[in-house]
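Everything below concerns the one structure shown next.
Derivation of every value follows stated rules applied to the coordinates shown; laboratory data play no part. Only a predicted model underlies this, so the values are computations on that prediction, with no experimental measurement involved. Neighbour counts run over all protein chains shown; Cβ positions are idealised from the backbone, glycine included.
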Ligand SMILES: *Cc1c(COP(=O)(O)O)cnc(C)c1O
C-alpha cells in the first residue's frame, strides 16, 4: 500500500479515546494528558511512515494497533511525569556523600516534616499568647541543652553561617586565620573568598604546618575583630605540625578583647570519638574552652537536614538575628521540623544510635554490616538461580565523607559482583541507570562493589530486587 493509504488507515483520535484497551492502558492519566500523548505518538508514526517508502503492510498494521499506540503514549507520559530528584541506594560506602544528598533523615524527622507540612503550623505564631512568634525559638532550647550554649540560631547551611558571622561581627575589620586552616570545601567555598565577600580583611598567621600562639599574638592589632578557627574538614596536615591549644588562643584573644569564632564544619553533637569513631571534638568542648561563637552543618555528623547552626553568647547571636540579610538566610519550616526531631533523638545516645541513620551507620559494628552483606549475597543467589555474575562478600573500607574525618576508615563489608557477560563498568552503569531504585556502587578490580555500611537495613530487600532485575534484564542477554 502507498503512503497516503497507510496514513489514512491510522486510527482516528476519537476512536483511540473510545477504545477499551486504550482507556485501560492510560487510566491513571487525565483526559487532557491522554489526548496529548496519543497525538504525539500519531505524529511520530506519520513522520516515520513518510520517511520510509517500503513498509510491509503487516508491520504497519502491528505498529498502529490501538493498544500498541497506547503503550507508546503511556511510556511518554511516564517519562514526562517522572520526578527528577529520586531516591537512590547508596552502596558507595561513603556515609555523608554530598552528591547523594548527605544525611538520610530518621523516621521521626520524616514524620515531623510530614505532620508540619501537611497543614498549617506555628512557625511564627505563639500558641500560648495567640500572637506573632519567632521561627528561631523552635530548636533553640534543644541546641542550648545539647551544646551548653547561651543561644542558638539556624540558617540555610554552614556556608551561610560563616558569611553571616563574619559580616555581622567583623565587617570592616580584620580577622586572623592560621595558614594551616585556609580551607577549600567542595569547589566554590574557600575561606579567603568568603572573608572578602563578607567585607573582612584576612590576616594570615603562622605557616602551613605550624602556627604558634606567639604568631597570633603578633598578628592581633587595632583593626582585629576576631580570631577565626577553621576545622580542616577534608584534609589533615601530618608530620611536623602544630596549632596552639584552643584554650590558649581563647585566653589571648579575650585578653586583647577580641572574639573567637570557630567554624567546626561537621560539628559533632554525638560523641563519636567516645564510640571509637574518629577524633572529632564535640561542639560542647569548643564552648567549654571559651570560644565565643561556633558554627557547623546540620547534615554532616549531626545527621539531619541541610542547615547551618550557630551557637554562642546571647549578645552575639542577637546581633546575627538582627542582621538585615537574616531573612535571606533563614530556614523554612521543613528544615526546622526535621532538625527538631533529630535534636530530640540526640538527647539520648542510645536513641541516637538506633534512630538517626548517620549515627547508626557510623557506629554500627562490623559484624552487623557483614551479616547484611551475607543477606544480600544469599538473596541474590536465590533471586537469580543461574547467576550471570559471580557474587562474593569481601572486607571493605567505608569512609565518613562530607569533608568530615578524612582519615577515619570504617571497617565494612561489600557484596562484590563480577559479571560474566559484560564489564564491571557496564554493570555499574546499568545499576545506576536502570535500577529501580537506582543503585550506586563503585568499581574495583573489574568488580562492582556494593558496600553494605551505607545500605540501610530496610533497603536490603529492595536492593536485591533491583540488582536481580537489572541482571535478569538486558545485562543477562549481553
Ligand atoms: C562543610 C563545611 C562548610 C560548609 O558547610 P555546608 O553546610 O555544606 O554549607 C564550611 N566550613 C567547614 C569547615 C566545613 O567542613
Task: Cα coordinate range in the range 345-478, projected on the principal axes (Å, largest first) - done: 52, 27, 24
Task: Degrees separating the helix 424-434 axis from the principal Cα axis of the chain, which is the longest one - done: 80
Open item on the list: Taking a ≥ b ≥ c as the square roots of the Cα gyration tensor eigenvalues, with a/c under 1.5 meaning rounded and otherwise prolate when a/b beats b/c, else oblate, which class fits the range 61-130?
Closed with: oblate
Open item on the list: Let's test the formula: R0 of 35 Å, r as the Cβ-Cβ distance of residue 48 and residue 397. What FRET efficiency results, to the nearest 0.05?
Closed with: 0.10
TODO: Would you please report the Å³ per residue occupied by the convex hull of the alpha carbon atoms in the range 218-327?
DONE: 138
TODO: Can you give me the three principal axis dimensions of the chain from its C-alpha atoms, in Å, biggest first?
DONE: 96, 55, 44
Open item on the list: Along the Cα→Cβ direction, 7 angstrom out, place labels at residue 314 and residue 30. What is the inter-label distance in nm?
Closed with: 5.4
Open item on the list: Quick check on the range 245-390: take the gyration tensor over C-alpha atoms, sort the square-rooted eigenvalues as a ≥ b ≥ c, and tell me if it's rounded (a/c under 1.5), prolate or oblate.
Closed with: prolate
- [ ] Before anything else, pin down the relative contact order of the chain: Cα pairs under 8 Å, at least 6 apart, normalised by residue count, whole percent.
- [x] 18
TODO: Residues in the range 46-84, backbone N under 14 Å from the label point at residue 7 (7 Å along the Cα-to-beta-carbon vector): list them, ranges by number please.
DONE: 46-53
Open item on the list: Under 8 Å for C-alpha pairs, at least 6 residues apart: give me the relative contact order for the range 189-247, rounded to a whole percent.
Closed with: 37
Task: Rounded tilt (10° steps) of 158-170 against the dominant C-alpha axis of the chain - done: 30
Open item on the list: As an exercise, find the ratio Rg/Rh for the range 110-152 from alpha-carbon atoms, using the Kirkwood inverse-distance average for Rh.
Closed with: 1.05
TODO: Would you mind putting 424-433, 397-406, 229-238 in packing order, based on average other-beta-carbon counts within 10 Å, highest first?
DONE: 397-406, 424-433, 229-238
Open item on the list: Using the Kirkwood radius over C-alpha pairs as Rh, can you work out the diffusion coefficient of the range 378-445 via Stokes-Einstein at 25 °C, viscosity 0.890 mPa s, in µm² per second?
Closed with: 179
TODO: Pull up the DSSP beta bridges for the chain and report the antiparallel fraction as a percent, rounded to 5.
DONE: 60
Open item on the list: Compute the angle between helix 460-470 and the longest alpha-carbon principal axis of the chain, please, reported from 0 to 90 degrees and rounded to the nearest 10.
Closed with: 40
Open item on the list: How high is the relative contact order of the range 157-218? Use alpha-carbon pairs under 8 Å, at least six apart in sequence, and give a whole percent.
Closed with: 40
Open item on the list: Using only the Cα atoms of the range 40-162, what semi-axes does the equivalent ellipsoid have when each is the square root of 5 times a gyration tensor eigenvalue? Give whole Å, largest first.
Closed with: 56, 20, 13
- [ ] Take every Cα-Cα pair in the range 1-112 and report what % of them are more than 20 Å apart.
- [x] 56
Open item on the list: Expected output is a single nm value to one decimal: the length gained when fully extending between residue 123 and residue 190, i.e. 0.36 nm times separation in residues minus the C-alpha distance. What is it?
Closed with: 20.8 nm
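Quote the FRET efficiency, to the nearest 0.05, computed for residue 40 versus residue 444 with a Förster distance R0 of 60 Å and r equal to the Cβ-Cβ distance. It would help to have the intermediate numbers written out before the result.
Numbers: r = 43 Å, r/R0 = 0.72.
With a Förster radius of 60 Å, E is 0.90.
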- [ ] Would you mind putting 307-317, 456-466, 253-263, 130-140 in packing order, based on average other-beta-carbon counts within 10 Å, highest first?
- [x] 307-317, 253-263, 456-466, 130-140
Task: Value at 222 nm in deg cm²/dmol, rounded to 500, when DSSP H runs of n ≥ 4 in the chain each add -39,500 (n - 2.57) - done: -12500 deg cm²/dmol
Open item on the list: Can you divide the C-alpha Rg of the range 175-271 by 2.2 N^0.38 Å and report the result to two decimal places?
Closed with: 1.06
Open item on the list: Highest mean first, how do 85-97, 152-164 rank when packing is the count of other Cβ atoms within 10 Å averaged over residues?
Closed with: 152-164, 85-97
Open item on the list: Quick one: the Cα spread of the range 88-228 along its three principal axes, in angstroms, biggest first?
Closed with: 55, 47, 28
- [ ] Would you mind classifying the range 170-212 by shape? Square roots of the alpha carbon gyration tensor eigenvalues, ordered a ≥ b ≥ c; an a/c under 1.5 is rounded, otherwise it is prolate if a/b is larger than b/c and oblate if not.
- [x] oblate
